[in-house]
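Trainee: Structure in structure tokens, see below.
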Amino acid sequence: MIETVIGDGARADLRLPEAVAAGFAELAAAVTARSSIVWGEHCSECAYPTCYASCAFYTPRADLHCRRFEAGFEPVAGAQGLHRVRFRKWGKLEGGGPVGMNAVDFADAAERSAVAARQRMAQAPLPYALDRSLSWRANERRRKEVALGSLADAESFVIEAWASDGRTHQLTVTFLEVDGPGLFQASAQVTPAYGRVLVRVAEIAARVPLDRPFLVQIEPVGEAAGREIVFGLCDFVRLDASRLATAVATGGEAPVKVVVWDLDETLWTGTLAEDGPEGVTPRPEAVALVRALDERGVLQSVASKNDEAEALAALARHGLAEMFLHPQVGWGPKSDSLKRIAAALDLGLDSVVFLDDQPFERGEVQAGCPAVRTLAHTEVAGLIGHRWFDLPVTPESRSRRQMYRAEAVRAQTLKTTDSDYLAFLRGCEIVLDARPLNAADVERVYELSQRTNQLNFNGTKLSREQVTGLLGGERLALTLRCTDRFGDYGLIGFMVADLRAGLLEEVFMSCRVQRKRVEHAALALLAGRMRAAGAASFDVRFRRTERNGAGLRMLEDLGFAPPTAEDGVWSRPLGRPFDDAEVVRLAPALAQAA
């Protein structure tokens, strides 16, 4: 719901791409109840009212409030509930609460009524003072109306958006307690593809009381001026998840890749210090979650304040020791334990969830590792169905834990070998198998797209439908598999290329094979196919995100030159060999074809 503004009659005549329109429509069909936050345009550097006289950027709207968007909230013609925002310097969206939930039909009807009233006021030839007074009264009445009820049955706060300017934008989403210290922040990435981000209400409410006055702000990271974004629903919602087929998020929260467990009264009932390894009993709901997460490819570890030998003995006694990688058992701060686990797995702390029964320990982790999501032991039973863990079960996901164990053996072997790194890699007998995408691999490629951040050249998150659409197309869609003498990595990469144009459009690659020259061999293979197709050069499309710095370094290491235009295309002479590509052998069928 948008504030009434004097003279607010601008409309955005935009043609939404079919996939973007489908994304907005899909969420609309899945919402069963929602709030109706009243949104307005505000300034991130606001010093009202003195700034109106002193700020060089003050530009009055018709009601004399500062204009922070070029034309306010511009309704998208022919698209109910969508508004284009063209940001000016320091522009941000701001709403507030408390707000209550209503059935979606009721909320939508109220929204349509408010839109109609706003349009009538924009067209009515009223005196300025009367128009401004009516606008103010209308907004205040709407704020009181939407405050009725509560958020008790709300599941998530959603932001859905599309970058109508064709660029990628990072946004921050901030909840502020008006009369207290409460603060919650999340991030969202808006791209030229439809995207939505959902944040659990419980996470927000843990830091900001939602039954008392609060502000919610959405603003671009960095310079706001010139950004153009179409926003759909930005509200608290309850969803029928069965109606959502596309990816839940294109940004915001990182995918959960690791769950770290406390032991006493969390993984099991009882305490080791008092009951010993024989006296503790694993909680059935915890064991069920451990095994379900393992099937879905979520790695798990332990951070416990206990005697290490006793803790490991208890895990082994109950058949759970093999489920946990790099367990940290000792008496230091658990935030340090989580940092060591993340470093050992080569994963970011923002992909970690920590479970503990003690508020003190959760608070210490929140202070020492703000990116880690912390949950109480009481939430274990409901986590199997949580959206964080709504992941497909594939052969690769079932074997992910063993792959990481094999990687630990590789790392230890490298530490103990006297040979140099390249010699070690050659001794690993790495084999690359590249195959055209087939229907059996669609689910794994979809999963790889959703989980990969570091070696995702464009930050793309493909839906299942988009992956399926690449089957049998004119562009080459290539899956990459890898093995070595320690084990099978499974399907670890995916590339989409236009061979005749010499353009590598998309790259997703697991960080498990990073720095092992697999990328050298894969791109050398691709270069050969481009030459055979008559391409003149080897180009790669790359778009920088907050998390794909490793992909940027890979391009630089492989000798690609940065773009000379704003098209994001890196280039390399097609005939120039890739150093060390021979370290990785090609599968027999590929070697014969080459």
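Trainee: From the backbone phi of segment 93-98, what are the Karplus-calculated ³J(HN,Hα) couplings (6.51 cos²θ - 1.76 cosθ + 1.60, θ = phi - 60°) in whole Hz, Gly and Pro given as x?
Mentor: Calculated HN-Hα couplings, in order: 8, 9, x, x, x, x Hz.
Trainee: Follow-up question, since we're still on this one. For 452, 269, 460, what ranking results if the residue with the fewest other Cβ atoms within 10 Å of its Cβ goes first?
Mentor: Starting with the residue having the fewest Cβ neighbours, the order is 269, 460, 452.
Trainee: Residue 13: net charge of surrounding residues, Cβ under 12 Å, Lys/Arg +1, Asp/Glu -1, itself excluded?
Mentor: With Lys, Arg at +1 and Asp, Glu at -1, the net is +2.
Trainee: Work out how much length residue 274 to residue 420 would gain on full extension: take 0.36 nm times their residue separation and subtract the Cα-Cα distance, in nm to one decimal.
Mentor: 47.6 nm
Trainee: Work out from phi, with θ = phi - 60° and the Karplus expression 6.51 cos²θ - 1.76 cosθ + 1.60, the ³J(HN,Hα) of each residue of segment 204-215, listed in order in whole Hz, and give x for Gly and Pro.
Mentor: Once θ is set to phi - 60°, the couplings for segment 204-215 become 5, 5, 5, 10, 10, x, 8, 9, 10, x, 9, 10 Hz.
Trainee: Then there's this: Evaluate the charge dipole of segment 307-465 about its Cα centre and quote only its size in Debye, nearest 20, assuming +1 on the Cβ of each Lys and Arg and -1 on the Cβ of each Asp and Glu.
Mentor: Using only the charged Cβ atoms, the result is roughly 340 debye.
Trainee: Here's something else I'd like to know. Local charge sum around residue 311 (other residues, Cβ-Cβ under 10 Å, Lys/Arg +1, Asp/Glu -1)?
Mentor: Local charge sum for residue 311: -3.
Trainee: Per the Debye formula with a single identical scatterer at each Cα and no solvent contribution, what log10 I(q)/I(0) holds for segment 413-593 at q = 0.12, 0.13, 0.14 Å⁻¹?
Mentor: Relative scattering, expressed as log10 I(q)/I(0), comes to -0.55, -0.65, -0.76.
Trainee: Follow-up question, since we're still on this one. Could you line up 432, 183, 233 from fewest to most neighbouring Cβ atoms inside 10 Å?
Mentor: Fewest to most other Cβ atoms nearby, the residues stand as 183, 233, 432.
Trainee: Something else: With a ≥ b ≥ c taken as the square roots of the eigenvalues of the C-alpha gyration tensor of segment 450-556, please select rounded if a/c is under 1.5 and otherwise prolate if a/b is larger than b/c or oblate if it is not?
Mentor: In terms of gyration-tensor shape, rounded.
Trainee: Another question about this same structure. Amide H of residue 102 versus every other amide H placed in the peptide plane: which residues, excluding those fewer than 5 positions away on the same chain, fall under 5 Å?
Mentor: HN-HN under 5 Å from residue 102: 34, 35.
Trainee: Return the FRET efficiency for the residue pair residue 474, residue 202: r is the Cβ-Cβ distance, R0 is 41 Å, and the value is rounded to the nearest 0.05.
Mentor: 0.30
Trainee: Check residue 178: other-chain or 5+ apart residues with amide H under 5 Å from its amide H, H built from backbone geometry?
Mentor: Under 5 Å from the amide H of residue 178 lie the amide H atoms of 214, 215, each far enough along the sequence or on another chain.
Trainee: Could you please report the charge total around residue 482, scoring K, R as +1 and D, E as -1 over all other residues with beta-carbon less than 10 angstrom from its beta-carbon?
Mentor: Overall, the nearby charge balance is 0.
Trainee: For segment 258-389, rounded, prolate or oblate, judged on the Cα gyration tensor with a ≥ b ≥ c (square roots of eigenvalues), a/c < 1.5 rounded, else prolate if a/b > b/c?
Mentor: Verdict is rounded for segment 258-389.
Trainee: Moving on to the next point. Residue by residue, what Karplus-based ³J(HN,Hα) values in Hz, rounded to whole numbers, does segment 560-568 have, using 6.51, -1.76 and 1.60 with θ = phi - 60° and x for Gly and Pro?
Mentor: Using θ = phi - 60°, the values come out as 7, 8, x, x, 9, 10, 8, 8, x Hz.
Trainee: Do the alpha carbons of any pairs in 334/461; 257/334; 305/339 sit beyond 23 Å of each other, and which pairs?
Mentor: Those over the limit are 334/461.
Trainee: Quick check on the exposure proxy: order 426, 373 from fewest to most C-beta atoms within 10 angstrom.
Mentor: 426, 373
Here, each number is a calculation from the coordinates, and none is a lab measurement. Because the structure is a prediction, the values reported are computed rather than measured. With ideal geometry, Cβ positions are generated from the backbone for all residues, glycine too; neighbour counts draw on all protein chains shown.
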